Amino acid sequence: MAPYEYFEQVNPDPEIYNKLYALYGHPDYCHSLICANAEVPWIPGYDLGELHTVISYDQYKRLRDGDRFWYEN
């Protein structure tokens, strides 16, 4: 993922990105979970934003690949 440059990239709702800007000033200073919870859903029909989706995918992939007893069929 590329880092966010503006809070408008996190959430295009002016009320949300103005509050984030007032609190943090720049996305670099915002805690990752705060920005992840403010994100709009990345995939239509799901509730997770891009950061939560990437983290979940990476974690489940590591669990699967690191478990020598993983069985799928």
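What order do you get for Val10, Val40, Val54 when you list them from fewest to most C-beta neighbours inside 10 Å?
Ranked by crowding around the Cβ, least crowded first: Val40, Val54, Val10.
Roughly how tilted is helix 50-66, in degrees to the nearest 10 and between 0 and 90, from the longest Cα axis of the chain?
Once rounded, the angle reads 20 degrees.
For labels at Ile55 and Asn18 in the simple 7 Å Cα→Cβ model, what's the distance in nm?
Each label point lies 7 Å from its Cα, and together they span 2.8 nm.
Which number comes out as Rg/Rh for the chain once both Rg and the Kirkwood Rh are worked out on C-alpha atoms?
1.13
Can you give me the distance in nm between label points at Glu5 and Asp28, each placed 7 Å from the Cα along the Cα-to-Cβ direction?
Using points 7 Å along Cα→Cβ, the separation is 1.4 nm.
If you average the sequence gap of Cα pairs under 8 Å that are 6 or more apart and divide by the length of the chain, what percent do you get for the contact order?
20
Coordinate-derived values only; no laboratory data. In this text the structure is predicted, and so the values were computed from the model without any measurement. Because the Cβ atoms are built from the backbone with ideal geometry, glycine has one as well, and the counts that use them run over all protein chains shown.
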